[in-house]
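To start, the structure itself, in structure tokens.
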Amino acid sequence: INLSPYTISQGIWSGPGITGNLFIPNVSGTGSIVLTHSTATSPSGLCPNSSTIAVRVYSLQAPVITSVTQICNLGNPFQLQVVPVGGLFSGVNNNAVSYSGLYNPALSVIGNNIVNYSITAGPCIAIAQTTINVAEFKSAALAVTPKEYYCIGADQPFNLNSLVQNTGGSWSGPGLLGSTFHPELAN
């Protein structure tokens, strides 16, 4: 900050963070900083005078939210981790996060959920943002009950996806080629 416009006469500024007529908060330290403006008559140096001003310098560490890559919408609520602590959380496109940072996947939107964290020190505000991807739970439950037994040579192969509520899963076990069950290949 150029301090020249704040004085009536030429003089010398002194104090932490002063370089010439500039006050540099990044190097002054934090807290209440006293700056002094001193004048004297020229060239003799008679009639010295000085004035002081106190300024408050705040330091605010840039916040960081620990990344959560992907969660299921049926997952348990969990506490988001941040540094430094003491700020407030908010959801941009969701109601899944409380002010204290408790994240509830059940209140998320499926897909990307934006979470903000803001912290203050005096008049200074710092904000961090993260995106949490919420995947939708897909049940593997059967919609149709299959037969209890199959006979080799008598029963034709069939697609097991015709039995499920939600297709797109994967099948494993004897007699399978992809999602098609072949009784003649089973044990």
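Each value in this text was obtained by applying a stated rule to the coordinates, not by laboratory testing. Keep in mind that what you see is a predicted model, and the values were worked out from it rather than measured. Don't worry about glycine lacking a Cβ; one is built from the backbone with ideal geometry, like all the others, and counts go over all protein chains shown.
Our helix-only sum for the chain, with -39,500 (n - 2.57) per DSSP H run of n ≥ 4 divided by its residues, gives a mean residue ellipticity at 222 nm of -500 deg cm²/dmol.
Charge tally around G75: other residues with Cβ under 15 Å, Lys/Arg +1 each, Asp/Glu -1 each, net 0. Our summary gives the stretch 61-187 a relative contact order of 21 percent, counting only alpha carbon pairs under 8 angstrom and 6 or more residues apart.
At 37 °C and 0.692 mPa s, grab the translational diffusion coefficient of the chain from Stokes-Einstein with a Kirkwood Rh over Cα pairs, rounded to a whole number in µm² per second.
141 µm²/s
With Cα atoms defining each centre, the stretch 113-187 and the stretch 66-83 are spaced 21 Å apart in the structure. The radius of gyration of the Cα set in the stretch 1-107, together with its Dmax, comes out at 24.8, 81 angstrom.
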